[in-house]
1. For B:Gly480, which of the numbered conditions (1) over 30 Å from B:Gly23 (Cα atoms); (2) within 14 Å of chain A (Cβ to nearest Cβ); (3) loosely packed, with under 10 Cβ neighbours inside 10 Å; (4) of a type outside the set (Ser, Thr, Tyr) fails to hold?
2. Look at B:Pro430 and say whether it is more than 24 Å from A:Gln23 (Cα to Cα), touching a strand residue (DSSP E or B) at 6+ places or on another chain (Cβ under 7 Å) and not polar (S, T, N, Q).
3. Take the conditions at pLDDT 90 or above, surrounded by fewer than 16 Cβ atoms within 10 Å (Cβ to Cβ) and farther than 18 Å from B:Asn346 by Cα and apply them to A:Ala7. Does it pass?
4. Pick from B:Glu308, B:Glu357, B:Glu389: which is in a helix (DSSP H, G or I) and under 24 Å from the mean Cα position of the chain (by Cα)?
5. Quickly run through segment B:107-130 and pick out the residues that are crowded, with 20+ Cβ neighbours inside 10 Å, in a helix (DSSP H, G or I) and within 27 Å of the chain's Cα centre (by Cα).
6. Filter segment A:13-24 down to the residues that are more than 8 Å from chain B (Cβ to nearest Cβ) and crowded, with 18+ Cβ neighbours inside 10 Å and list them by number.
7. For segment B:77-106, how many residues meet the condition of being part of a loop (DSSP other than H, G, I, E, B) and touching a residue at least 60 places away in the same chain (Cβ under 8 Å)?
8. Do we have any residue at all in segment A:2-10 that's in a strand (DSSP E or B) and either of a type in the set (Lys, Arg) or facing another protein chain (nearest Cβ under 9 Å) (or both)?
Amino acid sequence: MLKDKKAIIIGDRDGIPGPAIEQCVKTAGAEVVFSSTECFV
Amino acid sequence: MYSVLKGASYILAHTPDMVIHNGTTQTTQRTIDPDSEYLKNLDKSLRSYDECKAYLPNQTYIGNITPDELAGYAQPWYQQKSDYIQREGRFGEIMPEDEFIGLIAICDVFDLVKLESQFAVSVKKKLETHSLIDPKFLSVFDKNFELSEINGFIADEHAEPLYYEGMVVGCIKAAHDIDHSLSAHVIFENLVSKASCVLSLLHLIDKNDIRKEEIEYVIECSEEACGDMNQRGGGNFAKAAAEIAGLVNATGCDVRGFCAGPTHALIHAATMVKAGTFKNVIVAAGGSTAKLGMNGKDHVSKGIPILEDCVAGFAILVSANDGVSPEINTDIVGRHTVGTGSSPQNVISSLTASALEKAGLKLTDIDKYTVEMQNPDITKPAGAGNVPEANYKMIGALAAMRKEIEKSQLADFVSEHGMVGWAPTQGHIPSGVPYLGFARQELMDNKITRAMVIGKGSLFLGRMTNLFDGVSFVLQQNSGAGQEETVSEDKIRKLIAASLKDFAKHLQEDEG
């Protein structure tokens, strides 16, 4: 599903942080163009 | 001997005018779209002082309702009628905005706060009746200004206006013409933080068996920075607040770690007291104007009142072991290290299971976890979910992975070992510490045996690292008076052996 897609990642400190999502997305063959972790509180 | 949690205080200052004029969501909106519907209608969504006092999570914060009692009320709590309307609580108070502006003026030692004459007279009268404000400070209200002079400071000298009930009642001037670190905006934020810290310190001393003179050290752990252009963030709020609070024998310093700051500071305090360096250390913090109305746009768009209308503060007293108060077990400290990584499993393990395992404890051996205790009334409408619940689910999931509970018991784990959140979203304020006042009582009443305090901080917001951070420690029932440092049998044997060896050596030398 994510193969050859470009991914923009916004992670959540109290949920799944950006770098963790990044690893999963890369494994699925997507290119990460932006990744960050945000604090929503 | 472990140090103990001797007391805790919690205060709120209802500051609706600061929501409009100083919260960054509103100031940013004013910059990008000053005519927006949000700003036009904002004042209609602000709560009165009485509504703010009657809000159940606020009454929980100052100690009049326990977390268990709060959980008994249906959410959302802003729709609940409440019989609790007290200003004073077991742990502190909810101060109205005019008195808080007065306290800001008291905390200003550089003559930067200018109050309008009538307002100053009215605030002086009110603060004269406040039992914790030293009358020696009230003379600050005798030197006041005409409104035209204050408007001149605002127009010509970039002073930040102080509003009360929509009217300009004073201003805060810049402390330097050019230095951005001493601008009126920065001084405003810092004086608010200092004043709310001072009020927390005063309540801590008032409500616990301790004299001001006995405090030796204060660690301030908010998220503001004071300093000038040559040492931005040089500090120190701790000593500045201690001075106004009359802690004459205290020095101190500031500890920073974003929202994790208070937990770091408590570990520092507990360690210093356990080492015998100091007997009484206070960890304290004031609140933040920037975060007022932070989620206001979502609240207003959903017809919810602005719930982030209070500046908050707290103070925690860490003392030498009295044989009664709960102990801070600094042998069980969780750490999210540089190498921990960011997978949720690693993060939560590093803060909980890894530390507990070393002490031979399981996740289920902790009766209550106090995590990011943000009020879900505030976060859920803004799309940030129920933050404490999300944290409890992750701890529970880890317990299931480690076969300490069955997967089917996850919901029970969350309700048994967790709590609802009640703290305002002021960054460091909800992080682990809001439960400490209740935890002390519950540990002393044998309602719980152990609690774990977890603080997490978003370091990446400072753009120096992509990492975030977290630390934790365990609070436990006091093991009883007379707990002495013991020397093991093995150590005694080694000491005797060393002495005999030394004796034999002397004999040989004498014979020689």
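1. (2)
2. yes
3. Working: at pLDDT 90 or above: yes; surrounded by fewer than 16 Cβ atoms within 10 Å (Cβ to Cβ): no; farther than 18 Å from B:Asn346 by Cα: yes.
No: the conditions fail for A:Ala7.
4. Result: B:Glu389 is the single residue among B:Glu308, B:Glu357, B:Glu389 that is in a helix (DSSP H, G or I) and under 24 Å from the mean Cα position of the chain (by Cα).
5. Within segment B:107-130, B:Cys107, B:Val123, B:Leu127 meet the criteria.
6. Within segment A:13-24, A:Ile21, A:Glu22 meet the criteria.
7. Initially, segment B:77-106 is screened for residues part of a loop (DSSP other than H, G, I, E, B), giving B:80-87, B:89-92, B:96.
Now drop any that are not touching a residue at least 60 places away in the same chain (Cβ under 8 Å), which leaves B:89-92, B:96.
So the answer is 5.
8. yes
The values are calculated or read from the model by the stated rules, or taken from the named source; none is laboratory data. This one's a predicted model, so the numbers in the text were calculated from it and none came from an experiment. Backbone-built Cβ (ideal geometry, glycine too); neighbour counts: all protein chains shown.
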